[in-house]
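Reviewing the structure listed below.
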Amino acid sequence: MVHKSADQNLLGELRSFLGDRARDGEFELGLYSKDGSVLEGNPMIVCLPVNTEEVQQIVTVCRKHHRPFLARGSGTGLAGGAVPVGDPVVIATAKMNKILEVDLQNRIAWVEPGVLNLDLSRELSPLGFHFAPDPSSQQVCSIGGNVANNSGGPHCLAYGVTSAHVLAIEVVLPDGRIAVLGDLTAEPPGYDLRGIFVGSEGTMGVATKVAVRLTPNPPEIRTLLLDFADVRDGAATVSAIIAAGLIPAALEMMDQRAIEMVEAFVNAGYPTDADAVLLVEIDGLAGGVEHGIEVVRAVAARHHVGSVRVAADDAERDLLWKGRKNAFGAVARIKPDYYLHDTVVPRGKLVEVLEKVYRIADAHDLIAVNVFHAGDGNLHPILAYDSKEKGVLERVHAAGRAIVTASIEAGGVLSGEHGIGLEKRDYMGMLFSAHDMATQDLVREAFDPDGLANPLKVLPSGSRCSDSFGQHVPDGAWV
Amino acid sequence: MSQRDAMQQEVDQFAKDVGASDPVTVVGGRTHWQVGGLPEPEAREVRAPEGVWAHEPEEMTVRCGAGTTLGQLSEELARHGQMVPFDMDANATVGGVLAVGRSGFRRLRYGHVRDLVLQIRHIDHKGRIVSSGGPTVKNVSGYDLCRLLVGSLGKFGCIAEVTLRCLPIPETTQWFTGSLDPFELHKKLYRPSSILWNGLQVWVCLEGVASDVAAQAATFDFEEAPGPPPFPTVGRLSVEPRDLQRHVTSSKLACLAEVGVGIIHTNEVTHSRSIPEVNLSLMRELEERLDPNGRLNPGRQVLNR
Ligand SMILES: Cc1cc2nc3c(=O)[nH]c(=O)nc-3n(C[C@H](O)[C@H](O)[C@H](O)COP(=O)(O)OP(=O)(O)OC[C@H]3O[C@@H](n4cnc5c(N)ncnc54)[C@H](O)[C@@H]3O)c2cc1C
Ligand SMILES: Cc1cc2nc3c(=O)[nH]c(=O)nc-3n(C[C@H](O)[C@H](O)[C@H](O)COP(=O)(O)OP(=O)(O)OC[C@H]3O[C@@H](n4cnc5c(N)ncnc54)[C@H](O)[C@@H]3O)c2cc1C
């Protein structure tokens, strides 16, 4: 990709306070032109601020030059949210990675946005707490990215997604002012600005500090692996567990291909002859955990479970989870590239939609692998492919569109946790009327009337009046 | 006519009632009619549709008209062993609870009411139906306007239809009382549902399987209590949990504090805290965009300084 050469006045101004932390080298720009999606954009300048004041200065300078800007965490987003479009200045939070304060009396921690999700939980662990949202990417993704995408993870089934775990956010608004949205009390006065900022994908400003809730570590944790000879029984077990009044801490499913792939990769002793496995985790006090295990056993027995393996110790538990959390890496054993999808369907429709996913993949001559958050109906079909094959990306995109359509038809939604970004912005019309979207845009405009913060994301082009930065959408965007 | 069509008709009718001109105010159960000040007298009163339209126990979701009372809702959910832990007056309506946006006394365990909201259809200032959020238990599709509607006192729109996440009714719910240090209890109990403290006495709500509740109670030498004590109703404060002790001990009139949450129910008159200038300007921008003529619940103030 050829990058537009940097506006030298802008670069000069940024360097006056950032020094060599404002960069326009070809290598650096290449690095920041992509995220975890297949999309690619073109940053003009990359800045690496170390504090709120620097972020404020960057935003102010960008405004003066009418130059869009874009916050970026670790770039693991899968919807193209951090892909720079409209030649923006990228504000990377990598150097804002300090845990500022752990306040046990309020059960919160103030952290900078670049702190990595797992680093935070590791730091809290000796105190008996953790940060509940645990995306599968938690070793590398940032808290700022979690906030912007309202991220989830396996344990969000019982504990809720990021929004339920963020009390306050210091933000540099698109006009350069600094605000703290929300506060450490239960009922901040006025409208819930914090709530609307969470999940706004960087389009309402740059988060510079986040007050996250600390969740106490459960006294007991048990992890079970259930295998089924028929994926339909596995899916029916998911619904039946919930209907039986049990909300496990996590309830994940893997299909036959995923099991094979993962087993070859981590040797966790997954049953490779099974059609599907469920990974169920139950936590809490001893009695509740025992009761939960009984419920799971009874429900699974009614649905023809093969075997029920209860992890005997932490080591075995870690091994079972290692398989789940490394599933994406394991795809490389089948094909060099993959496209990870994210939709939600009612739990009762899991089987129906899964079967459609396989048919869609077959029809497009692709391999579909399913590893997903079954407990909340959050499908993650992985389409494995080899980008060297001619025309393969068109097939991947066509299959993706068909999967999204099938999910919506089943009463589902566009995204459970990865967000809309660029990837799905032109699909918004499948779920929302033009007027719904225009109303959403009013809210965005209240924060960013000039449309400088992460332009061209979330809402389809045409639904905004302020899309003034060239309508260029990067190659490969399946919009 | 299918049930879905019938519901749609009710929502359409509500949209007509709200209309596109002159001031309106939605009436719920009138249980907290005075919050934010009374509406202007010329405001036309309208009522949101009522009825539990779809409870799907396997999905743990329920869709209902915003005018449905909490009593109706709990009765319907309890048939399948489920609940929405709002903990408020049975005559209050779902729309009213969300418009006011205050949480119930088991917030310590169940979180804020906003986290139970999945989808809202509301009527905007022009009388048009707007849908936000999604019907599934997990969703990040688009800007989640539900977050703004909760606690908006109806000033961003009239809530017509709501989809909520339900929870299983626990096997045991038991209140206890004693004269222990509430802050020690908060440290030592695992996920209690509520810890209430009036400065002298503590009430604790424990939920879960019977053996866990009994075991926790035995550790702390609790006495069973029939329920929470009466809540002082004159004022309501929310403070940082770490400042709670100071507020309670310096309170001159009766109060009851939610330990770990930081809400204090008191018989003293309380005033809403001031909103920082930058936040206030953003909030005004939102009001101007979502209700440019100020016809929704005029007279009431979310932004009283
Ligand atoms: C293998 C793999 C597994 C994954 N599993 C999950 C999963 O289980 N659950 C899940 O929810 N997601 C998952 N993801 C997606 C992704 O990891 C999450 O969305 C994550 O929260 C993104 O964080 P990030 O730091 O990489 O953000 P980035 O990709 O850098 O940015 C994402 C968005 O956030 C914005 N942003 C970043 N920082 C800020 C800030 N400080 N202020 C304002 N906006 C900001 C960006 O502009 C962009 O729109 C997975 C990704 C991969 C590659
Ligand atoms: C012990 C206890 C103490 C409480 N203390 C307080 C307290 O101090 N302060 C407090 O605010 N709440 C408090 N609550 C919460 C309160 O019970 C609910 O918020 C209340 O019941 C509102 O419901 P309602 O239907 O009676 O609304 P109403 O009293 O009829 O209306 C309240 C407001 O909501 C608006 N409204 C109603 N329905 C809609 C709709 N469909 N769309 C848009 N707007 C609508 C009305 O116009 C009005 O502004 C408490 C609850 C309990 C159990």
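Read-outs: derived from the displayed coordinates by stated rules, not from any lab. Computed from a predicted structure; not experimentally measured. Note: ideal-geometry Cβ built from the backbone for every residue, glycine included; neighbour counts use all protein chains shown.
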>> Per-residue Cβ counts within 10 Å, from other chains only, averaged over B:126-132: what number is that?
In response: 4
> In the structure shown, do any of A:Lys349/A:Lys424; A:Lys424/B:Lys138; B:Lys16/B:Lys155 have a Cα-Cα gap over 20 Å, and if so which?
Replying inline: A:Lys349/A:Lys424
>> Taking 8 Å as the Cα distance limit and 6 or more residues as the minimum spacing, I'd like the relative contact order of chain A as a percentage.
In response: 15 percent
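Run lengths n ≥ 4 of DSSP H only: what is the helix-derived mean residue ellipticity at 222 nm for chain A, with -39500 (n - 2.57) per run over all residues, to the nearest 500? Numbers along the way, then the final one.
Working: 16 runs with 161 residues, N = 479.
Computed mean residue ellipticity for chain A: -10000 deg cm²/dmol.
Which of B:Phe231, A:Phe27, A:Phe129 has the fewest other C-beta atoms within 10 Å, and how do the rest follow up to the most? Intermediate values should be presented prior to the final figure.
Numbers: B:Phe231 15, A:Phe27 7, A:Phe129 20.
Taking fewest neighbouring Cβ atoms as first place, the list is A:Phe27, B:Phe231, A:Phe129.
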> Treating the beta-carbon of each Lys and Arg as +1 and of each Asp and Glu as -1, no other charges, what is the dipole magnitude of region A:8-92 about its Cα centre, to the nearest 20 debye?
Replying inline: 180 debye
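Explain nothing, just the number: relative contact order of region A:1-144, from Cα pairs under 8 Å at least 6 residues apart, as a whole percent. Kindly include the intermediate steps, with their values, before the conclusion.
Numbers: 268 pairs, mean separation 30.1, N = 144.
It rounds to 21 percent for region A:1-144.
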> Between B:Asp181 and B:Ser281, what FRET efficiency comes out of the Förster formula 1/(1 + (r/R0)^6) with R0 = 45 Å and r the beta carbon distance, rounded to 0.05?
Replying inline: 0.55
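Quick check: from the Cα gyration tensor, does region A:220-328 come out rounded (a/c under 1.5), prolate or oblate? Walk me through the numbers before you get to the answer.
On the way: a/c = 2.03, a/b = 1.22, b/c = 1.66.
Here region A:220-328 falls in the oblate category.
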> Applying the Karplus parametrisation 6.51 cos²θ - 1.76 cosθ + 1.60 with θ = phi - 60° to the phi angles of region A:285-290, what ³J(HN,Hα) value in whole Hz is obtained for each residue in order, glycine and proline being reported as x?
Replying inline: 7, 3, x, x, 5, 4
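Output the peptides B:120-126, A:14-20, B:251-257, B:285-291 sorted from most to least packed, where packing is the average of other Cβ atoms within 10 Å over each peptide's residues.
Values: B:120-126: 23.7, A:14-20: 14.9, B:251-257: 17.3, B:285-291: 18.9.
In descending order of packing, they fall as B:120-126, B:285-291, B:251-257, A:14-20.
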> What does the average come to when, for each residue of peptide A:67-74, you count the partner chain Cβ atoms lying within 10 Å of its Cβ?
Replying inline: 0
>> When a/c reaches 1.5 or more, the comparison of a/b and b/c decides; with that in mind, is chain A rounded, prolate or oblate per its Cα gyration tensor?
In response: prolate
> Modelled label-to-label distance, B:Ser250 and A:Asp386, 7 Å Cα→beta-carbon offset: nm?
Replying inline: 7.3 nm
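Please identify every one of the trypsin sites (Lys or Arg not before Pro) in region B:17-87 that sits in a loop by DSSP and has no more than 15 other beta carbons within 10 Å of its own beta carbon.
Details: sites: B:Arg30, B:Arg44, B:Arg47, B:Arg63, B:Arg79; in loops: B:Arg30, B:Arg47, B:Arg79.
Listed in order of number, the matching sites are B:Arg30, B:Arg79.
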> Looking only at Cα atoms, what is the convex hull volume of region A:218-272 per residue, in Å³?
Replying inline: 90 Å³
> Is any residue of region A:147-169 close enough, with backbone N under 11 Å, to a label point placed 7 angstrom from the Cα of B:Thr173 along the Cα-Cβ axis, and if so, which?
Replying inline: none
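Go ahead and estimate [θ] at 222 nm for chain B from helices alone: -39,500 (n - 2.57) per DSSP H run with n ≥ 4, summed, over the residue count, rounded to 500. Mind showing how you got there, number by number?
Values: 9 runs with 78 residues, N = 305.
Rounded to the nearest 500, the figure is -7000 deg cm²/dmol.
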>> Averaged across B:114-120, how many Cβ atoms of other chains sit within 10 Å of each residue's Cβ atom?
In response: 2
> In region B:33-81, which GluC sites (Glu not before Pro) fall in coil by DSSP and have 11 or fewer other Cβ atoms within 10 Å?
Replying inline: B:Glu42
>> With just the Cα atoms defining each centre, how far is region A:365-409 from region B:21-63? Give it in Å.
In response: 41 Å
> Mind ordering B:100-108, A:326-334 by average Cβ neighbours within 10 Å, highest first?
Replying inline: B:100-108, A:326-334
>> I need the peptides A:114-120, A:339-345 ranked by packing, meaning the mean over residues of other C-beta atoms within 10 angstrom, with the highest value on top.
In response: A:339-345, A:114-120
> Where the centre of each part is set by its Cα atoms, how far does region B:255-281 sit from region B:202-251, in angstrom?
Replying inline: 19 Å
> Distance in nm between label sites at A:Val140 and A:Arg63, each 7 Å beyond Cα in the beta-carbon direction?
Replying inline: 3.5 nm
> For the residue pair A:Ala434 and A:Arg15, what label-to-label distance in nm results when each label sits 7 Å from Cα along the Cα-to-beta-carbon direction?
Replying inline: 4.8 nm
> Quick one: if the Förster radius is 45 Å, what FRET efficiency do A:Tyr358 and A:Arg122 give, using the C-beta to C-beta distance and rounding to 0.05?
Replying inline: 0.75
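How much net charge surrounds B:Gln174 when only the other residues with a Cβ under 13 Å from the Cβ of B:Gln174 are counted, with Lys and Arg +1 and Asp and Glu -1? Working shown, then result.
On the way: positive: B:Arg106; negative: B:Glu171, B:Glu207, B:Asp212, B:Glu223, B:Glu224.
Once positives and negatives cancel, what remains is -4.
Once R0 is set to 25 Å, what does the formula 1/(1 + (r/R0)^6) return for the Cβ-Cβ distance between A:Ser461 and A:Thr405, expressed as a FRET efficiency to the nearest 0.05?
Plugging the Cβ-Cβ distance into 1/(1 + (r/R0)^6) gives 0.75.
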